[in-house]
Amino acid sequence: METKLKPAGRMQITYDGKTSELPVFSGTHGPNVVDIRSFYKNTGCFTFDPGFTSTASCESQITFIDGDEGVLLYRGYPIEELAERSDFLEVAYLLLHGELPNKAQQAEFNHAITMHTMVHEQLKRFYNGFRSDAHPMAIMVGVVGALSAFYHDSTDITDPKQRVIASHRLIAKIPTLAAMAYKYSIGQPFVFPQNRLSYTANFMNMCFAVPAEEYKLNPVLVDALDKIFILHMDHEQNASTSTVRLAGSSGANPFACIAAGIASLWGPSHGGANEAALNMLEEIGTVDRIPHYIAKAKDKDSGFRLMGFGHRVYKNYDPRGKVMRKACHDVLGALGIKNDPLLDVALELERIALSDSYFIEKKLYPNIDFYSGITLKALGFPKSMFTVLFALARTVGWIAQWTEMLEDDSQKIGRPRQLYTGTARRAYKPIDRR
Ligand code: CMC
């Protein structure tokens, strides 16, 4: 990556008689950054920022979020436009290459992906090793990491050609592996990929087709899922993306790095939130019970939070949430679901939260997960698959970020410092004196 850092000024920090003069850089959008790389050398101090609330961990040219304005851009393009006008593989190309493809580039890329959709036959045996009630995310962490044991010809990260092949393999195989995890969990036979179908239609076919009868794909549902995938593809330096970068910074192979990203995504504060949001809507059950849950969410001692509300970065309506809300209505409309009690609860909860002073003051708006659970459920996916679908889409972003990191000349192994507050140095005590 060619750096686009622009000098914007300098900042002086003096501590204990030592002054550190730090360059300040500005990017294309977003706050300026103070470059603290020389800070420790000049002052003997570390900076302290648990949760990275004020720390830019890297320079990146892929995705930009303006949390106050509710803006999300992939390579400069607003997410709403991409979700409306593009499709999965075109957006994947954009994230990986920086520009939308022309016709020839698109044909070549689509061909490269579809040629890798099958997985090694031996990999299927991994599935049989899992209990039938295993969480599909547990299976995904295992089988995606296991790809490193099958594709030795694309694990040398110093070879740009191998990096590209590994990227294509991961994007192509992740739907196959995800659909296999689903089929395994419901005791149905695996369905082979069909390369005549689009990326998302193929995934739905692998999930919902059975050998016994014909499965007819509904284009409205395929389109809605394609949009959901586009919305989830990348999101700057979130926990799972930072995990992928950190794992990759040591030189680990791409399959292992993406498996690490999947593990990080699994948590309920990150990718697991859509499952948690749907659980919450089900628990609330009816509109009349909402005030009780709103009161609980405001009560700090309850430990309860309204799942699907609030975001570390968005302090405005999550732009993905707006697209998701429409996709949700499209899906329910296409399926003829008119009176879904969960949707009634969701709409009323959203209305109340958007007008309640607690949520307004804390800028807690509905996030993408608020509507995605209802939509995915209507599409026929069980809750346990929600985060798997997120992982499928985010794989593209993880790969784009991992590639960018490896192409960055200033890349170093990630090694945060710490503020040690444990016991001071002491001598070992033999057991009879403890
Ligand atoms: N319900 C009620 N109160 C909340 C909520 C919520 N969902 N979220 C934050 N707050 C309160 C919180 O109690 C705190 O109050 P106070 O200032 O009085 O201590 C204040 O708002 C700030 O919260 P925070 O935890 O400091 O904010 P954060 O930026 O660290 O957390 C979050 C962001 C997403 C973890 C949090 O809002 C949350 O737990 N939301 C519910 C889970 C959720 O929907 N997660 C999906 C995130 S979007 C998917 C993705 O991009 O990965």
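Restricting the range 212-252 to residues that are in contact with a Gly (Cβ under 6 Å, 6 or more places away or on another chain) and away from the ligand (no atom under 16 Å from the Cβ), the residue that is nearest to residue 272 (Cα to Cα) is 246. Filter the range 292-312 down to the residues that are more than 8 Å from the ligand (Cβ to nearest atom) and either touching a residue at least 12 places away in the same chain (Cβ under 8 Å) or of a type in the set (A, V, I, L, M) (or both) and list them by number. Scanning the range 292-312 gives 293, 294, 295.
Residues that are closer than 30 Å to residue 286 by Cβ, within 16 Å of the ligand (Cβ to nearest atom) and not basic (Lys, Arg) within the range 377-404 comprise 386, 387, 388, 389, 390, listed in sequence order. Within the range 340-366, restricting attention to residues that are assigned to a helix (DSSP H, G or I) and of a type in the set (Ser, Thr, Tyr), the residue that is nearest to the ligand (Cβ to nearest atom) is 358. Residue 68 falls short on exactly one of the conditions (1) over 23 Å from residue 416 (Cβ atoms); (2) touching a helix residue (DSSP H, G or I) at 6+ places or on another chain (Cβ under 8 Å), and that condition is (2).
Just one of the listed residues (9, 17, 27, 44) is closer than 20 Å to residue 411 by Cβ and out of contact with any Phe, Trp or Tyr (no Cβ under 6 Å at 6 or more places or on another chain), and it is 27. Contact map, the range 184-210: first residue closer than 18 Å to residue 110 by Cα and modelled with pLDDT of 95 or more, second residue among the charged types (D, E, K, R) and part of a helix (DSSP H, G or I), Cβ cut-off under 8 Å, separation 6 or more or different chains; pairs are 198/226; 199/226; 200/226. Scanning the range 155-194 for residues that are part of a helix (DSSP H, G or I) and among the β-branched types (Val, Ile, Thr), we see that the one that is farthest from residue 143 (Cα to Cα) is 164.
Of everything listed in (1) closer than 24 Å to residue 383 by Cβ; (2) part of a helix (DSSP H, G or I); (3) open to solvent by 10 Å² or more (accessible area, probe 1.4 Å), the single unmet condition for residue 242 is (1). Residue pairs, Cβ under 7 Å, 6 or more apart or interchain, first in the range 49-65 and within 12 Å of the ligand (Cβ to nearest atom), second in a loop (DSSP other than H, G, I, E, B) and of a type in the set (Val, Ile, Thr). List them. Qualifying pairs under 7 Å: 65/313.
It is to be established whether one or more residues within the range 316-327 are at negative phi, outside any helix (DSSP H, G or I) and either among the aromatic types (Phe, Trp, Tyr) or free of Cβ contacts under 8 Å to residues at least 40 places away in the same chain (or both). Spell out how you get there, then give the answer.
From the range 316-327, those at negative phi are 316-327; that's our starting set.
Next, from what is left, pick out any that are outside any helix (DSSP H, G or I): 316-318.
In the following step, the residues that additionally are either among the aromatic types (Phe, Trp, Tyr) or free of Cβ contacts under 8 Å to residues at least 40 places away in the same chain (or both) were identified as 317.
Yes, the conditions are met somewhere in the range 316-327.
Give the residue, chosen from 369, 408, that is among the acidic types (Asp, Glu), open to solvent by less than 90 Å² (accessible area, probe 1.4 Å), assigned to a loop (DSSP other than H, G, I, E, B) and at pLDDT below 95. Can you show your working first?
On the way: 369 fails: assigned to a loop (DSSP other than H, G, I, E, B).
Going through 369, 408 in turn, the sole match is 408.
Which residues, counting only those in the range 130-144, are within 17 Å of residue 387 (Cα to Cα) and open to solvent by 10 Å² or more (accessible area, probe 1.4 Å)? Write out each step before concluding.
Initial filter on the range 130-144 (within 17 Å of residue 387 (Cα to Cα)): 133-144.
133, 134, 135, 138, 141, 142, listed by residue number.
Does residue 157 satisfy the condition of being surrounded by 23 or more Cβ atoms within 10 Å (Cβ to Cβ), within 19 Å of residue 400 (Cβ to Cβ) and within 24 Å of the chain's Cα centre (by Cα)? Even if it seems obvious, please write down each step before you answer.
Details: surrounded by 23 or more Cβ atoms within 10 Å (Cβ to Cβ): no; within 19 Å of residue 400 (Cβ to Cβ): yes; within 24 Å of the chain's Cα centre (by Cα): yes.
No: the conditions fail for residue 157.
Meeting the requirement of 2 or more residues that are open to solvent by 60 Å² or more (accessible area, probe 1.4 Å) and out of contact with any Leu (no Cβ under 6 Å at 6 or more places or on another chain), the helices (runs of 4 or more DSSP H) wholly within the range 1-117 are 39-43, 79-85, 103-114.
Could you look through the range 273-286, keep only residues that are open to solvent by 60 Å² or more (accessible area, probe 1.4 Å) and touching a residue at least 40 places away in the same chain (Cβ under 8 Å), and pick out the one that is nearest to the ligand (Cβ to nearest atom)? Give the steps one after another, and end with the answer.
To start, the set of residues in the range 273-286 that are open to solvent by 60 Å² or more (accessible area, probe 1.4 Å) comprises 279, 282-283, 286.
Next, only the ones that are touching a residue at least 40 places away in the same chain (Cβ under 8 Å) stay: 279, 282, 286.
Details: 279: 12, 282: 15, 286: 20 Å.
Here the residue is 279.
Against the definition (within 15 Å of the ligand (Cβ to nearest atom), touching a Cys at 6+ places or on another chain (Cβ under 6 Å), open to solvent by less than 40 Å² (accessible area, probe 1.4 Å) and touching a residue at least 60 places away in the same chain (Cβ under 8 Å)), how does residue 374 come out, yes or no? Yes: the conditions hold for residue 374.
Quick grid of which residues meet (1) surrounded by fewer than 22 Cβ atoms within 10 Å (Cβ to Cβ); (2) not aromatic (Phe, Trp, Tyr):
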| residue | (1), (2) |
| --- | --- |
| 299 | yes, yes |
| 308 | no, yes |
| 313 | yes, yes |
| 317 | yes, no |
| 324 | no, yes |
| 330 | yes, yes |
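The values are calculated or read from the model by the stated rules, or taken from the named source; none is laboratory data. The structure displayed is predicted, hence computed values, not measured ones. For neighbour counting, all protein chains shown are included, and Cβ atoms are generated from backbone atoms with ideal geometry for every residue, glycine included. Ligands, DNA and RNA are excluded from the accessible area calculation, which covers all protein heavy atoms including side chains. Shrake-Rupley method; radii C 1.70, N 1.55, O 1.52, S 1.80 Å.
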